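To keep things clear, I will list the structure first and then write my remarks on it.
The values are calculated or read from the model by the stated rules, or taken from the named source; none is laboratory data. What you are looking at is a predicted structure, and each value in this text was computed from that prediction instead of being measured. Backbone-built Cβ (ideal geometry, glycine too); neighbour counts: all protein chains shown. These area figures cover heavy atoms from the full protein model, side chains too; ligands, DNA and RNA do not enter into them. Shrake-Rupley method; radii C 1.70, N 1.55, O 1.52, S 1.80 Å.
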Amino acid sequence: MSDLLYSEIENDLRASVREVLDDKAPWTSVLAGTEKDEPYDAELWGAVAGQLGCAGLPVPEDLGGAGATWRETAVVMEELGRSAAPVPFLSSAVVATAALLAAGERDLLARLAAAEEIAVPAVPFSTGPFGAGVPELRVADGRVTGEVTSVADGMAAGWFLVPAGGGLYAVDAADARRTAVTSLDMTRRLADVTFSGAPARLVAEGPDALRAGLLTGAAMLASEQLGIAERCLDDTVAYVKTRYQFGRPVGSYQGLKHRLADLWTSITQARAGARHAASCAASGDADTEIAVAVAQSHCSAVAVKAAEECVQMHGGIGFTWEHPAHLYLKRAKADAIALGTPDRHRAALAGLVDLPPA
């Protein structure tokens with residue numbers, strides 16, 4: 001059984017990341033960024049991915065990485081979830097990096113670790129690790145042709161990792177046509193991407209590298225969802241302690257106490273699931289697929305519930321644009337679709353543990 005407690009190194013990493021996010025990504029700045037055309041916060045990305053070195057945490061030291069594990073990356077994901085940070089960390093530093101690690105690719109991986117490049121998997125954001133929704137583009141004479149819709153961070157990408165002809169190809173984003181689409185979560189924007197005979201370099205043969213990236217991404221996404229839920233609970237508890245009605249704080253009413261207690265219990269369970277998934281991904285445990293399916297089945301719903309409660313318990317102010325609750329709700333709702341819905345993960349889990357269909 002893996003140790004689910006946070007190590008001293010992980011706690012130190014959390015403190016460093018939170019300090020940077022508190023300084024460079026307060027919710028007022030995140031909200032203002034949703035009204036701009038920039039696909040991500042380049043300054044914040046440089047601070048988190050480059051200066052702190054978070055983009056290279058799971059990358060070996062001989063490639064310029066930190067030689068850490070996915071456990072440390074999961075801690076960063078928690079903090080990014082807490083702030084709804086508008087950076088392409090999940091797409092590039094997690095999914096693309098994990099796919100390139102599985103493929104044994106070195107050059108592009110080293111540039112990702114140094115935060116010199118941003119690479120994004122050219123798959124719909126809803127694509128999960130258990131086989132559903134992976135597009136298959138055409139490749140001939142080293143050129144890729146086809147279209148992929150709803151690619152997360154597609155406008156931010158410098159490179160695309162494209163599934164085509166049964167393999168995985170690296171394509172320069174300058175050789176693709178990108179169209180921004182309206183995204184529910186404007187802190188992680190989507191784009192439609194079209195390749196018309198774009199020059200492509202084979203990175204990996206077969207589907208295993210991309211699947212490894214998607215599986216690791218789903219594991220790390222559970223930690224992001226945990227961070228969202230924890231932030232929503234913290235903000236809600238702080239508010240109900242100070243908001244008075246009929247001469248007493250609203251948090252003293254039993255109905256709200258019970259709802260918050262139930263939410264705290266669910267988040268505690270979500271933390272166990274997310275930490276286990278991260279530990280399995282870090283160690284290459286044989287039960288990684290099961291751990292990821294369990295984590296995603298639970299953490300998605302908990303994040304959405306926590307965000308909904310945050311909106312409701314803040315009363316009228318919680319429904320306004322001038323309050324951050326809607327940022328967390330939109331991120332939670334978008335994450336519940338990302339990398340496979342909870343229903344898809346539950347269906348996959350049933351097969352993994354040999355549960356007969358109902």
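The magnitude of the dipole of the stretch 319-358, with charges of +1 and -1 set on the Cβ of Lys/Arg and Asp/Glu and taken from the Cα centre, is near 80 debye. Close Lys pairs in the chain (alpha-carbon distance under 21 Å; sequence gap of 8 or more, or different chains): 8. Using 0.36 nm per residue and subtracting the Cα-Cα separation, the extra length available between Ala42 and Asp287 on full extension is 84.5 nm.
How much accessible area per residue does the chain have, in Å², with a 1.4 Å probe?
Numbers: 15080 Å² over 358 residues.
Per-residue accessible area for the chain comes out at 42 Å².
Listed values for the stretch 299-304 are Karplus-derived 3J(HN,Hα) couplings in whole Hz (6.51 cos²θ - 1.76 cosθ + 1.60, θ = phi - 60°), namely 5, 4, 5, 5, 4, 5, and x replaces Gly and Pro.
With 31 Å as the cut-off, how large is the P(r) tail for the chain, expressed as percent of Cα-Cα pairs?
Numbers: 19964 of 63903 pairs.
Above the 31 Å cut-off, the chain has 31 percent of its Cα pairs.
For the pair Ile9 and Lys241 in one chain, pulling the backbone fully straight at 0.36 nm per residue adds 80.2 nm over the alpha carbon distance. Candidates Gly227, Ala295, Cys310 compared by Cα position along the dipole of the stretch 218-358: farthest toward the positive end lies Cys310, with charges placed on Cβ. Taking the Cα centre of the chain as origin and assigning +1 to Lys and Arg Cβ atoms and -1 to Asp and Glu Cβ atoms, the resulting dipole is close to 1120 debye. Across the stretch 164-255, counting alpha-carbon atoms alone, Rg and Dmax equal 22.8, 69 Å.
With all protein chains in place and a 1.4 Å probe, the accessible surface of the chain carries 54 percent carbon and sulfur. Helix 254-283 axis versus longest C-alpha principal axis of the chain: approximately 30°, rounded to the nearest ten.
Using a cut-off of 10 Å between beta-carbons, work out the net charge of the residues near Pro58 (Lys and Arg +1, Asp and Glu -1, Pro58 not included). Surrounding charge for Pro58 is 0.
Classify the stretch 1-125 as rounded, prolate or oblate from the Cα gyration tensor: take a ≥ b ≥ c as the square roots of its eigenvalues, call it rounded if a/c is under 1.5, otherwise prolate when a/b beats b/c and oblate if not.
Note, shape of the stretch 1-125 comes out oblate.
3J(HN,Hα) couplings calculated from phi for the stretch 156-164 with the Karplus curve 6.51 cos²θ - 1.76 cosθ + 1.60 (θ = phi - 60°) are, in sequence order, 8, 6, x, 9, 10, 9, 10, x, 7 Hz; Gly and Pro show x.
When the dipole is taken about the Cα centre of the stretch 1-156, and only Lys, Arg (+1) and Asp, Glu (-1) are charged at their Cβ, what size is it in debye, to the nearest 20? All intermediate terms of the calculation are to be shown ahead of the outcome.
Working: 10 positive and 25 negative charges, 74 e Å.
Charge dipole of the stretch 1-156: 360 debye, to the nearest 20.
Between Gln269 and Asp208, the simple label model (points 7 Å from Cα in the Cβ direction) yields a spacing of 3.6 nm. Using θ = phi - 60° in the Karplus curve 6.51 cos²θ - 1.76 cosθ + 1.60, the 3J(HN,Hα) couplings for the stretch 9-26 round to 5, 5, 5, 5, 4, 4, 4, 5, 5, 5, 4, 5, 5, 4, 7, 9, 9, x Hz; x is entered for Gly and Pro.
How high is the relative contact order of the chain? Use alpha-carbon pairs under 8 Å, at least six apart in sequence, and give a whole percent.
Values: 699 pairs, mean separation 63.4, N = 358.
Averaging sequence separation for qualifying contacts and normalising by length gives 18 percent for the chain.
Net charge of the neighbourhood of Val75, taken over other residues with C-beta under 13 Å away and scored Lys/Arg +1, Asp/Glu -1, is -2.
Taking all protein chains together and a 1.4 Å probe, the residues Trp70, Trp264 rank Trp264, Trp70 from largest to smallest accessible area. In this structure the amide hydrogen of Val144, modeled in the peptide plane, comes within under 5 Å of the amide hydrogens of Gly197, Ala198, Ala200, none closer than 5 places in sequence on its chain. For Ser150, the residues whose amide H sits under 5 Å from its own are Ala191, Asp192, Val193, ignoring neighbours fewer than 5 places away on the same chain, with H placed 1.01 Å from N.
What percent antiparallel are the DSSP beta bridges of the chain, to the nearest 5?
In the chain, DSSP labels about 90 percent of beta bridges as antiparallel.
Using the alpha-carbon positions of the stretch 246-312, Rg (one decimal) and Dmax (whole number) come out as 16.0, 56 Å. The average projected area of the stretch 204-358, computed from the convex hull of its Cα atoms over all directions, is 11.4 nm².
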